[in-house]
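Structure first, commentary second.
The values are calculated or read from the model by the stated rules, or taken from the named source; none is laboratory data. The shown structure was predicted, so the numbers you read here are calculated from the model rather than taken from an experiment. FYI the Cβ positions are ideal-geometry reconstructions off the backbone, even for glycines, and counts take in every protein chain you see.
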Ligand SMILES: *Cc1c(COP(=O)(O)O)cnc(C)c1O
């Protein structure tokens, strides 16, 4: 199946409120161009320098999302152009994002990553850290950041019930944040293997790579 066909078959399953981030990490610029020709404008990368190189080469109406773990010393390379940073998993990242956003005279949008999986290898804040962050209105310390919502990755397992229950927990936390007046609008959850479960639990942004571009090496 071509990139175009794959994109169309995923997109036609999505309700209008669910947006698709095409995850192009490790894939060549030509693949991104094919998706761009098919109408896709939002792409996700997990390495800041790779994303910056692709940004330089590709049309400027592409929205670049940083979905991976963030090294704070690299934030300066994406601060001029990044549209949404999904993987904010510690206060140090917010502090450096704030500094670089200010330098670039921008407001940078980001999501707080929540650790919902059973594996310890996945990054993110705990639910109680998120609750404390909202209660203490900690976002007021970051005037050049707009914290737009939450992001999470489910466990790597075939057990669909477990995956659904992890997504459900994240949706519950997201709803709680909204009830506290946080102005959240993005709940980023779901990848190639689990996006139907994520959407069923209330995701409004899915990050799909291999299903569009084929498997990675
Ligand atoms: C790689 C990656 C994806 C996409 O994974 P696929 O299984 O290829 O769809 C989504 N989210 C994050 C955070 C990733 O690192």
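Quick notes on this one:
- Residue match in the stretch 126-147 (condition: within 15 Å of the ligand (Cβ to nearest atom) and either touching a helix residue (DSSP H, G or I) at 6+ places or on another chain (Cβ under 6 Å) or not in a helix (DSSP H, G or I) (or both)): no
- Residues being surrounded by fewer than 17 Cβ atoms within 10 Å (Cβ to Cβ) and part of a helix (DSSP H, G or I) - total across the stretch 35-51: 3
- Single residue of the stretch 169-188 satisfying the filter (within 16 Å of the ligand (Cβ to nearest atom) and free of Cβ contacts under 8 Å to residues at least 60 places away in the same chain) that is nearest to residue 20 (Cα to Cα): 187
- Of all residues in the stretch 102-125, those that are over 18 Å from the mean Cα position of the chain (by Cα) and over 29 Å from residue 161 (Cα atoms) total 5.
- Every pair of residues 6+ apart whose Cβ atoms lie under 6 Å, when the first sits in the stretch 189-207 and is in contact (Cβ under 8 Å) with a residue 24 or more places away in the chain and closer than 16 Å to residue 12 by Cα while the second is assigned to a loop (DSSP other than H, G, I, E, B) and more than 11 Å from the ligand (Cβ to nearest atom): 199/18; 204/17; 204/18
- Counting residues in the stretch 159-168 that are more than 13 Å from the ligand (Cβ to nearest atom), without any contact (Cβ under 8 Å) to a residue 12 or more places away in the chain, at negative phi and part of a loop (DSSP other than H, G, I, E, B) gives one or more.
- Apart from one condition, residue 207 fits all of (1) outside any loop (DSSP other than H, G, I, E, B); (2) at pLDDT below 95; the exception is (2).
- Restricted to the stretch 1-12, and to residues there that are without any contact (Cβ under 8 Å) to a residue 12 or more places away in the chain and part of a loop (DSSP other than H, G, I, E, B), the residue that is farthest from residue 203 (Cα to Cα) is 1.
- Total residues in the stretch 60-99 satisfying the condition of being without any contact (Cβ under 8 Å) to a residue 24 or more places away in the chain, surrounded by fewer than 19 Cβ atoms within 10 Å (Cβ to Cβ) and part of a loop (DSSP other than H, G, I, E, B): the figure is 3.
- So residue 198, is it within 16 Å of the ligand (Cβ to nearest atom), more than 26 Å from residue 79 (Cα to Cα), modelled with pLDDT of 95 or more and touching a strand residue (DSSP E or B) at 6+ places or on another chain (Cβ under 6 Å): yes
- Selection status of residue 20, under 13 Å from residue 207 (Cβ atoms) and within 16 Å of the ligand (Cβ to nearest atom): yes
- Restricting 103, 54 to residues that are in contact with a helix residue (DSSP H, G or I) (Cβ under 9 Å, 6 or more places away or on another chain), surrounded by fewer than 14 Cβ atoms within 10 Å (Cβ to Cβ), farther than 28 Å from residue 170 by Cα and at pLDDT 95 or above narrows the list to 103.
- Of all residues in the stretch 13-34, those that are assigned to a helix (DSSP H, G or I) and either touching a residue at least 60 places away in the same chain (Cβ under 8 Å) or touching a helix residue (DSSP H, G or I) at 6+ places or on another chain (Cβ under 6 Å) (or both) total 3.
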